[in-house]
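Read the structure below first, then the notes.
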Amino acid sequence: LFILKFFILSFMSVQASQKSDEIVPENFYFNSFVSSLSDESLVLKKNGVPVSAKNWMVVTANRAASKSAAKILNNGGTAVDAMISAQLILGLVEPESSGLGGGAFLVYYDKDSKKILTLDGRETAPLNIKPDHFYDNNGKLLKFYDAVVGGKSVGVPGIVALLEKAHKKWGKITWNKLFKDAIKLAEDGFIVSKKLSSSIKRNHSSLQKFTNTRAYFFPKGKSLETGQRKKNINYAKTLKLLSKHGSDIFYFGSIGNDIIKTVKNAKHYPGVLAKDDLINYQVVERKPVCSTYREFNVCGMGPPSSGAITISQILGIIERYDISSLGYDNAETWRIIGDASRLAFADRGKYIADIDFIDVPLYQLIDKNYLKFRSQLLEANKKLKTVQPGQIFGQKSNFAIDNSIEFPSTTHISIVDIYGNALSMTSTIENSFGSRLMTKGGFLLNNQLTDFSFVSQKNGKSIANKIEPKKRPRSSMSPTIIFKDKKPKIIIGSPGGSNIIGYVVNSIISLIDWKMNVQQAASLPHGLNKFGIFYLENNSKIVDLKPKLEKMGYK
């Protein structure tokens with residue numbers, strides 16, 4: 001077991017202008033973003049200094065993506081226009097995290113209607129999937145990474161359909177113009193980041209398994225290095241096709257055909273993805289999941305994401321405790337947060353899955369009375385010895401507990417535009433470099449099917465997150481918009497697999513309870529406890545709490 005040193009990739013704090021109804025971003029930081037200043041010049045900021053912006057703001061995990069989005073926002077584009085351009089570039093410059101072969105969840109605030117809408121672009125399981133999908137020919141369950149690498153783990157990509165649907169609903173700039181920066185960067189070459197080069201080295205063995213993947217990441221047999229310029233001509237050709245023909249060529253045409261061929265012809269565990277799977281894919285517009293915390297309204301993505309429900313549960317359980325007075329550097333604070341998280345993850349493992357397949361007891365799980373009852377379990381001053389899912393009565397409770405694995409990867413985008421619209425979008429190809437399969441079109445395919453439970457039942461009970469045809473695997477992605485007085489105040493999200501939920505919760509507490517600015521919240525070392533073991537971010541002050549937490553009974 002190890003500690004993954006991690007920084008929240010995306011925060012934005014916004015408040016209503018005292019002079020008008022426009023949304024004004026304030027105190028927002030990331031090491032690679034662009035904001036609009038009063039003179040409308042574009043200025044890159046880093047060095048960890050909170051920054052205010054008058055008109056609009058964007059944050060992504062990469063400087064090139066942020067600059068492209070900023071240009072669009074500065075020219076009157078919407079948050080969605082900017083997001084599309086940024087995401088296309090992110091798929092190029094950090095292919096280990098997201099891309100055309102993956103999926104996404106979008107939480108969107110429409111200023112005109114004052115409504116929050118969400119789009120579900122999560123991958124789906126193929127129609128030919130079987131309950132024993134993750135068993136080998138001898139009937140033995142595959143090890144996790146054996147299942148990840150190859151065609152067996154690939155679900156139907158959803159992000160291209162999501163980008164197009166979002167643009168039709170909320171875009172202003174012509175679709176093909178949003179592709180220009182990404183195409184140019186792919187043709188001219190981008191500078192390989194330390195993050196990408198180190199990720200390649202960590203995944204050296206698995207990336208060598210497939211011809212296209214090996215040729216791209218190991219040109220002339222050598223791993224891509226930090227600072228090297230890398231072109232992706234195939235990706236540029238794919239983007240040109242998408243810019244001209246839209247999503248049809250991805251799901252009905254030549255790009256889709258290449259995806260299917262790549263999956264079915266994989267030398268390592270070929271998959272069952274077929275033409276009908278791509279043709280039948282649909283982005284689903286869903287209601288947001290919203291709950292109150294202190295004087296704030298926290299809104300996020302509902303099932304198949306477990307993010308908003310689990311975050312709402314953790315916050316609801318700790319709400320009756322005076323976290324503010326206890327403070328950050330207090331073992332008692334982290335006992336309360338940690339065990340609240342354990343209780344929420346127990347419910348998550350039993351009750352949450354694709355709501356189109358499972359009757360998720362959504363409102364019961366975030367009910368204030370239910371959470372108050374659960375919070376009473378934390379009244380002792382030591383670790384909860386055992387944690388069980390809460391009792392939800394009726395048919396909805398007849399599931400076995402599932403602890404599906406989600407490893408860190410993913411990316412996040414937060415944007416406010418000049419019109420007052422705001423969005424929070426998390427996108428992913430699941431594991432770092434996904435299935436490791438690269439199409440001839442220059443993008444990697446996801447391994448999202450490994451987010452399902454590998455087994456369909458335990459002790460005679462069905463598992464909610466079992467694999468089924470057309471089903472979407474449960475996710476921890478947590479794009480979130482937080483409101484105060486009915487106006488967006490905080491736009492937040494993170495990568496990190498199932499740790500995403502804890503990262504976002506820690507940051508919400510930092511911003512609301514401990515009155516930190518977003519730079520302080522972003523820099524805050526993390527404490528995480530999902531299933532009993534406490535993880536403390538290494539080389540940080542929080543490690544000093546280790547002896548006190550051990551005295552309470554934690555490992």
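Kindly indicate whether E332 is of a type outside the set (A, V, I, L, M, F, W, C), assigned to a helix (DSSP H, G or I) and open to solvent by 30 Å² or more (accessible area, probe 1.4 Å).
yes
Considering only residues of the stretch 337-357 that are open to solvent by less than 10 Å² (accessible area, probe 1.4 Å) and assigned to a loop (DSSP other than H, G, I, E, B), which is nearest to W514 (Cα to Cα)?
If we take residues in the stretch 337-357 being open to solvent by less than 10 Å² (accessible area, probe 1.4 Å) and assigned to a loop (DSSP other than H, G, I, E, B), then I352 is nearest to W514 (Cα to Cα).
Under 6 Å between Cβ atoms, which residue pairs at least 6 apart in sequence (or on different chains) link something in the stretch 513-536 that is within 18 Å of R348 (Cα to Cα) and at pLDDT 90 or above with a partner that is among the basic types (K, R) and not in a loop (DSSP other than H, G, I, E, B)?
N529/R342
Identify all residues within the stretch 250-271 that are of a type in the set (A, V, I, L, M, F, W, C) and crowded, with 18+ Cβ neighbours inside 10 Å; write none if there are none.
F250, I255, I259, I260, V263, A266
Please enumerate the residues belonging to the stretch 448-480 that are assigned to a helix (DSSP H, G or I) and either open to solvent by 10 Å² or more (accessible area, probe 1.4 Å) or touching a strand residue (DSSP E or B) at 6+ places or on another chain (Cβ under 9 Å) (or both).
Step one: of the stretch 448-480, the residues assigned to a helix (DSSP H, G or I) are 448-451.
Those that are assigned to a helix (DSSP H, G or I) and either open to solvent by 10 Å² or more (accessible area, probe 1.4 Å) or touching a strand residue (DSSP E or B) at 6+ places or on another chain (Cβ under 9 Å) (or both): Q448, D451.
Which residue out of S66, S13, S52, S41 is at pLDDT 95 or above and among the small types (G, A, S)?
Within the list S66, S13, S52, S41, the selection yields S66.
Among the numbered criteria (1) among the hydrophobic types (A, V, I, L, M, F, W, C); (2) open to solvent by 50 Å² or more (accessible area, probe 1.4 Å); (3) modelled with pLDDT of 95 or more; (4) within 24 Å of the chain's Cα centre (by Cα), which single criterion is violated by I401?
Condition (3) is where I401 drops out.
Name the residues in the stretch 197-214 that are within 25 Å of D258 (Cβ to Cβ), open to solvent by 50 Å² or more (accessible area, probe 1.4 Å) and either in contact with a helix residue (DSSP H, G or I) (Cβ under 7 Å, 6 or more places away or on another chain) or of a type in the set (K, R) (or both), would you?
Of everything in the stretch 197-214, those that are within 25 Å of D258 (Cβ to Cβ), open to solvent by 50 Å² or more (accessible area, probe 1.4 Å) and either in contact with a helix residue (DSSP H, G or I) (Cβ under 7 Å, 6 or more places away or on another chain) or of a type in the set (K, R) (or both) turn out to be Q208, K209, R214.
For the stretch 144-160, check the following and say yes or no: at least one residue is modelled with pLDDT under 95, surrounded by fewer than 24 Cβ atoms within 10 Å (Cβ to Cβ), more than 18 Å from the chain's Cα centre (by Cα) and not hydrophobic (A, V, I, L, M, F, W, C).
Taking every residue of the stretch 144-160 in turn, at least one turns out to be modelled with pLDDT under 95, surrounded by fewer than 24 Cβ atoms within 10 Å (Cβ to Cβ), more than 18 Å from the chain's Cα centre (by Cα) and not hydrophobic (A, V, I, L, M, F, W, C).
Give the residues of the stretch 97-115 that are surrounded by fewer than 24 Cβ atoms within 10 Å (Cβ to Cβ) and assigned to a loop (DSSP other than H, G, I, E, B), sorted by residue number.
Correct list: K111, D112, S113, K114.
Check off (1) in contact (Cβ under 8 Å) with a residue 12 or more places away in the chain; (2) surrounded by fewer than 24 Cβ atoms within 10 Å (Cβ to Cβ) for D322 and give me the number that stays unchecked.
(1)
Of all residues in the stretch 216-240, count the ones that are surrounded by fewer than 17 Cβ atoms within 10 Å (Cβ to Cβ), free of Cβ contacts under 8 Å to residues at least 24 places away in the same chain and closer than 18 Å to G91 by Cβ.
The number of residues fulfilling the criteria is 0.
Could you tell me which numbered condition V192 fails, if it satisfies all but one of (1) surrounded by 15 or more Cβ atoms within 10 Å (Cβ to Cβ); (2) in contact with a Phe, Trp or Tyr (Cβ under 8 Å, 6 or more places away or on another chain)?
It is condition (2) that V192 fails.
Against the definition (among the hydroxyl-bearing types (S, T, Y) and out of contact with any strand residue (DSSP E or B) (no Cβ under 9 Å at 6 or more places or on another chain)), how does S523 come out, yes or no? Quick ask: steps written out before the conclusion?
Values: among the hydroxyl-bearing types (S, T, Y): yes; out of contact with any strand residue (DSSP E or B) (no Cβ under 9 Å at 6 or more places or on another chain): yes.
When the stated conditions are applied, S523 passes them.
Check off (1) closer than 17 Å to S153 by Cβ; (2) without any contact (Cβ under 8 Å) to a residue 60 or more places away in the chain; (3) of a type outside the set (V, I, T) for D277 and give me the number that stays unchecked.
(2)
Being surrounded by 19 or more Cβ atoms within 10 Å (Cβ to Cβ) and assigned to a loop (DSSP other than H, G, I, E, B) is the filter here; which residues of the stretch 358-372 pass it? Explain how you work it out, then say what you get.
Our first condition is that a residue be surrounded by 19 or more Cβ atoms within 10 Å (Cβ to Cβ); within the stretch 358-372, this holds for 358, 360-362, 365-366, 370-371.
Scanning the stretch 358-372 gives I358, V360, P361, I366.
The values are calculated or read from the model by the stated rules, or taken from the named source; none is laboratory data. Worth saying up front: this structure is predicted, and the values here are computed from it rather than measured. Note that each Cβ is placed from the backbone with ideal geometry, even for glycine, and that neighbours are counted across all protein chains shown. Just the protein is used for accessible areas: all its heavy atoms, side chains included, with ligands, DNA and RNA removed. Shrake-Rupley method; radii C 1.70, N 1.55, O 1.52, S 1.80 Å.
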